[in-house]
Amino acid sequence: MIVQEIDNGKVVENQTERKSDAQKEKAYDKEMFLQLLVAEMQYQDPLEPTSNTEYVSELASFSQIEAVQAVQDQMTTIQANSLVGKYVILDTTDASGNQKYVSGKVDYVMKDAEGKMFLSVNDQLYDIDDLDSVADEEYYIGIQKVQSFHDMIGSMPTEVGLTVGDADKLKAARELFDSLTDYQKQFVAEDDYKTLEQLEKRMEVLQAGTKEPETETDPEVEPDPEVEPEPEEEGGDA
């Protein structure tokens with residue numbers, strides 16, 4: 001399992017420095033909150049001062065939000081790591097802004113300087129927020145094969161247009177179907193399989209019609225050894 005930070009599409013070599021920067025940013029958030037709290041205390045209405053209880057409540061709320069955010073970050077990292085080796089479907093957009101679905105196996109995950117997780121699928125990085133669904137390996141591979149089988153059947157001619165030259169394509173479709181497990185065969189459309197069987201029957205007829213008929217030859221009659229040949233008649237008297 002590989003977890004590597006990236007920044008602007010480049011791998012970050014010095015992760016210690018990045019982590020230090022992230023820690024500084026969190027420290028800045030705390031300092032800013034404290035500065036705002038001090039400013040609020042300095043410029044509060046002296047006639048209606050804010051009670052200490054309210055200040056403590058604000059500080060506790062900030063601490064709770066910070067703790068929840070930390071838990072969320074950890075959960076996102078755990079989720080991303082658990083996807084390594086899994087087949088996923090991503091709902092993303094292309095360069096033109098058009099929606100598209102990308103599917104494939106997660107090779108590794110990467111984390112940028114801000115702690116954002118990315119999934120590497122088909123040698124491309126995708127935001128984990130683009131994750132649409134996670135598929136079982138047998139299911140995912142089966143769906144891919146079933147789609148290929150459907151496309152092969154759709155590219156075959158009809159029974160009327162079928163020729164002996166289509167025998168190889170028909171054989172490939174049968175081999176693809178036979179390679180499916182019983183579970184995966186459940187996803188095959190009934191019409192596709194019926195078409196396969198009908199084309200196979202038609203191909204048998206076509207191939208039978210192209211076979212050359214065997215020529216029948218009369219067997220040679222062997223002489224019977226028990227029958228003596230008749231003597232040849234001599235010519236008449238001179």
Taking 0.36 nm per residue of separation between Ala60 and Gln124 and subtracting their Cα-Cα distance, the length gained on full extension comes to 18.9 nm
Restricting to DSSP loop positions (anything but H, G, I, E, B) with no more than 14 other Cβ atoms inside 10 Å of their own Cβ, which GluC sites (Glu not before Pro) remain in the stretch 135-202?
Glu159
Backbone HN-Hα couplings from phi across the stretch 154-159 [Karplus 6.51/-1.76/1.60, Hz, Gly and Pro as x]
x, 7, 6, x, 6, 4
In square angstrom, rounded to the nearest 10, how much accessible surface does Ser96 have for a 1.4 Å probe?
100 Å²
What's the FRET efficiency of Leu36 with Lys100 using the Cβ-Cβ distance as r and R₀ = 45 Å, to the nearest 0.05?
0.55
Take the Cβ-Cβ distance between Lys201 and Ser148 as r, set R0 to 22 Å, and report the resulting FRET efficiency rounded to the nearest 0.05.
0.45
Estimated FRET transfer efficiency (Ala189, Val71; beta-carbon r; R0 35 Å; 0.05):
0.15
Which residues does a label at Asn81 reach in the stretch 104-142, if reach means a backbone N under 16 Å from a point 7 Å past the Cα toward the Cβ?
108-112, 115-119
Grab the Cα-Cα distance for Lys116 and Asp178, subtract it from 0.36 nm times how many residues apart they are, and report the gain in nm with one decimal.
17.9 nm
The long-range amide H neighbours of Tyr108, using H built 1.01 Å from N in the peptide plane and a cut-off of under 5 Å, are Ser120
Using DSSP to call loops (not H, G, I, E or B), can you name the chymotrypsin sites (Phe, Trp or Tyr not before Pro) in the stretch 149-199 whose Cβ has at most 15 other Cβ atoms within 10 angstrom?
Phe187
Per residue, accessible area of the stretch 125-183 with a 1.4 Å probe, heavy atoms of protein chains only, in Å², comes to 59 Å²
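The values are calculated or read from the model by the stated rules, or taken from the named source; none is laboratory data. Only a predicted model underlies this, so the values are computations on that prediction, with no experimental measurement involved. Backbone-built Cβ (ideal geometry, glycine too); neighbour counts: all protein chains shown. Ligands, DNA and RNA are excluded from the accessible area calculation, which covers all protein heavy atoms including side chains. Shrake-Rupley method; radii C 1.70, N 1.55, O 1.52, S 1.80 Å.
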